[in-house]
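The values are calculated or read from the model by the stated rules, or taken from the named source; none is laboratory data. Just so it is clear, the model here is predicted, and its values are computed rather than measured. Because the Cβ atoms are built from the backbone with ideal geometry, glycine has one as well, and the counts that use them run over all protein chains shown. Note: accessible area is taken over every heavy atom of the protein model, side chains too, but ligands, DNA and RNA are not part of it. Shrake-Rupley method; radii C 1.70, N 1.55, O 1.52, S 1.80 Å.
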Amino acid sequence: MTATDRSLELINAAAQAAADKLAHDIIAYDVSDVLSITDAFLLASAPSDRQVKSIVDEIEERLNKDLGAKPVRREGDREARWVLLDYVDIVVHVQHSEERVFYALERLWKDCPEIDLPEEAKATRGKAAEHADARAGEQDGELL
């Protein structure tokens, strides 16, 4: 079984919304063959709690406004370190960059097919590493 057209529509809209709010490393997996509860996962990250919230809010607003979709569950909102939006057909994970590295969800789903995303979303790949390198460079400069 593969992800439905509706799931792909939701994933692409969510990915575009995340990219518009400058999320890092946006990727999506078709998990329909290994999970019966959902078709696809979208993963995105951000370097701050505030940006995680902003990305989540934009995804939720865009999917509701453009596609009439509301999450049946929203978890992790209070801490904004890892927010999960469950739309039944898809599940969106927006994580703080530190949680993204620690939990490494990509390793869990690496055998599932990757879903092709909009170009703006694909362009976010590697942004977390670039951001971390830039921050490390700034801190090294402060120590001198």
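Quick notes
- Seen against the Cα atoms of the chain and their longest principal axis, helix 127-143 is set at about 20 degrees.
- In the distance distribution for the chain, Cα-Cα pairs more than 20 Å apart total 44 percent.
- A protection proxy built from the mean count of other Cβ atoms within 10 Å ranks the segments 66-72, 113-119, most packed first, as 113-119, 66-72.
- R73, R100, ranked by accessible area, largest first (probe 1.4 Å): R73, R100
- Fraction of antiparallel bridges per DSSP, the chain only, in percent to nearest 5: 65 percent
- Potential lengthening between F102 and R81 on full extension [0.36 nm per residue; Cα-Cα distance subtracted]: 6.4 nm
- Relative contact order of the chain, defined on C-alpha pairs under 8 angstrom at six or more residues apart (%): 30 percent
- Computed from Cα atoms, the angle from the helix 49-67 axis to the main principal axis of the chain rounds to 30 degrees.
- Count Lys and Arg as plus one, Asp and Glu as minus one, and take only other residues whose Cβ is under 9 Å from that of R100; the net charge is then -4.
- Only the Cβ atoms of Lys and Arg (+1) and of Asp and Glu (-1) were treated as charged; on that basis the dipole of the chain about its Cα centre amounts to roughly 300 debye.
- Straight Cα distances below 23 angstrom link K127 to the lysines K21, K53, K110, with same-chain residues fewer than 8 positions distant left out.
- Among the protein heavy atoms of the chain, carbon and sulfur supply 50% of the accessible surface, probe 1.4 Å, non-protein parts ignored.
- Only helices enter this figure: runs of n ≥ 4 DSSP H residues, each worth -39500 (n - 2.57), summed and divided by the residues of the chain, yield -14500 deg cm²/dmol at 222 nm to the nearest 500.
- A probe of 1.4 angstrom, applied to the heavy atoms of all protein chains, finds K21 with accessible area near 80 square angstrom.
- Rg/Rh, computed from the Cα trace of the stretch 28-106 with Rh as the Kirkwood radius, has the value 0.96.
- H96 contributes about 10 Å² of solvent-accessible surface, heavy atoms of the protein only, 1.4 Å probe.
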